[in-house]
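Encoded as structure tokens, the structure appears first; notes follow it.
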Amino acid sequence: MLIVVALGGNALMKRGEPMTAANQRANIRGAALALADIIAEGHMLVITHGNGPQVGLLALQAAAAPEEGQFPLDVLDAESAGMIGYVIEQELGNILKDRQFATLLTQVTVDCNDPAFFTPTKPIGPMYDEAAARALVATRHWRIAADGSGWRRVVPSPKPLIILGTDVIRILVEHNVIVICTGGGGIPVVKKPDGSLVGVDAVIDKDLASALLARQLHADALLMLTDVDAVYADYGTAHARKLETIHPMSVRAADFASGSMGPKIAAAAEFAHTTGKSAYIGSLEDAVAILQGVEGTRIGVGANSKP
């Protein structure tokens, strides 16, 4: 099967973990082992990944520069995609020495009038306590929001419309090349009246972009790997319960956290509903078992669990 595998940014840089190059490489090495297990099952992969922690760190570093030397988020999206893609490609190549890989920077069109530009929800960067987060609002005029036990910066996350360059990805896949693309949801661009493209200051949700990519590539499945083992109803409460299967028409993304599981549910349900195929959500360590239906959550026709 051709599977689009979306690696969560928090699976590659764990929550609360120091944001160092060594930690990121160690986590990506673990991810590469899980991906290699899927490939060993005979599947062809197109790999995407998040960039929330990484692009936020790059934004912090950029903010330390003189104002005229600071780069906008679309450029930082490209930087993080290249950085993470390089390490994924290298670590996978160290395991699968007989395979070929290609890391591509991927532009993704968005609507410049998307309401997301006026209501930022996408968390990026490190976790702060509330006092530190409030101080950043005052000094840097950031938007912040609660994320788990802490606070993080939030930025606009417009809906992806078209993944550009999928013809190139198809050619590579047809030649048995494992492609790493649409990193961090891709680089957000808008089309000007003259047809030219220009980047915008935002971060696209990688799950929505990955689902769109899977549809454009006519992939057989969408696998979203994160730092939780499955989708839970009433997550974080005493009544939390694991959902093994979900019908795409029986679930609402609004019932889940907008900055984390909500986009995953929306992406999975849209892919399953429009293609009749299955999407899966679960832990990176359980990748093969998720595809086998033993672990994680499957979203697809024939599934009947409800949140």
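The values are calculated or read from the model by the stated rules, or taken from the named source; none is laboratory data. This one's a predicted model, so the numbers in the text were calculated from it and none came from an experiment. Reconstructed Cβ throughout: ideal geometry from the backbone, glycine too, with neighbour counts over all protein chains shown. Ligands, DNA and RNA are excluded from the accessible area calculation, which covers all protein heavy atoms including side chains. Shrake-Rupley method; radii C 1.70, N 1.55, O 1.52, S 1.80 Å.
Quick notes
- Some residue of segment 176-184 being open to solvent by 40 Å² or more (accessible area, probe 1.4 Å), among the aliphatic types (A, V, I, L, M) and under 25 Å from D74 (Cα atoms): no
- Number of positions in segment 109-148 that are touching a residue at least 24 places away in the same chain (Cβ under 8 Å), out of contact with any Leu (no Cβ under 6 Å at 6 or more places or on another chain), farther than 23 Å from Q24 by Cβ and assigned to a strand (DSSP E or B): 1
- Hits in segment 171-229 - residues which are assigned to a loop (DSSP other than H, G, I, E, B), among the aliphatic types (A, V, I, L, M) and under 27 Å from H273 (Cβ atoms): A202, V203, I204, L217, A219, V228
- Condition met for V75 (in a strand (DSSP E or B) and either at pLDDT below 95 or surrounded by 19 or more Cβ atoms within 10 Å (Cβ to Cβ) (or both)): no
- Candidates D37, D114 - the one that is in contact with a Pro (Cβ under 6 Å, 6 or more places away or on another chain) and open to solvent by 10 Å² or more (accessible area, probe 1.4 Å): D114
- Long-range neighbours under 6 Å by Cβ, at least six apart or interchain, first residue over 21 Å from R29 (Cα atoms) within segment 276-302, second open to solvent by 60 Å² or more (accessible area, probe 1.4 Å): G276/V301; S278/R298; Y280/R298
- Subset tally (residues that are assigned to a loop (DSSP other than H, G, I, E, B) and closer than 23 Å to A268 by Cβ) for segment 1-39: 5
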